[in-house]
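First the structure, in the form of structure tokens, and then the observations on it.
The values are calculated or read from the model by the stated rules, or taken from the named source; none is laboratory data. Note that the structure is predicted; figures quoted are calculated from it, not measured. FYI the Cβ positions are ideal-geometry reconstructions off the backbone, even for glycines, and counts take in every protein chain you see.
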């Protein structure tokens, strides 16, 4: 397995009993708004940064960008890097284990002045990782429900 970032953009993330998370209103690459500017009451990002267990991160800085502007940036220290969760795989051999650093970002409210792309980037000691982003656009007229 190569290092990677998994992203889920959604309207809400709820913490359930037993440590489960529920993602509400998951976006699949596109978010349409009726008109700009637009204000979302909430926008959430769940993120997992993954690496093989035999290749733990020595350096990790994660950024959420709105086009080229940095909205959020965090650099993990040694204690945070060593707290990576050891995820089980279908093969219990040590060489196939995966380490995950998990994070949730919540914006409430989230203001959108115009069309944009939200992107996730992680800088490691080996270079940059790119997660799946979210494109925000104005809905075509036929998609807008008149009230």
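Filtering 71, 81 for residues that are in contact with a strand residue (DSSP E or B) (Cβ under 9 Å, 6 or more places away or on another chain) and assigned to a helix (DSSP H, G or I) leaves a single hit, 81. The single condition among (1) under 17 Å from residue 128 (Cβ atoms); (2) more than 12 Å from the chain's Cα centre (by Cα); (3) buried (at least 17 other Cβ atoms within 10 Å of the Cβ) that residue 59 does not satisfy is (3). Which of the following residues is exposed (fewer than 11 other Cβ atoms within 10 Å of the Cβ) and closer than 20 Å to residue 7 by Cα: 88, 140, 37, 52? On inspection, the qualifying residue turns out to be 88. For residue 36, the criteria (1) out of contact with any strand residue (DSSP E or B) (no Cβ under 8 Å at 6 or more places or on another chain); (2) assigned to a loop (DSSP other than H, G, I, E, B); (3) over 21 Å from residue 120 (Cα atoms) hold in every case but one, which is (1). Inspection of the range 121-128 finds no residue satisfying the criterion of being in contact with a strand residue (DSSP E or B) (Cβ under 6 Å, 6 or more places away or on another chain), in a loop (DSSP other than H, G, I, E, B) and either modelled with pLDDT of 95 or more or surrounded by 10 or more Cβ atoms within 10 Å (Cβ to Cβ) (or both).
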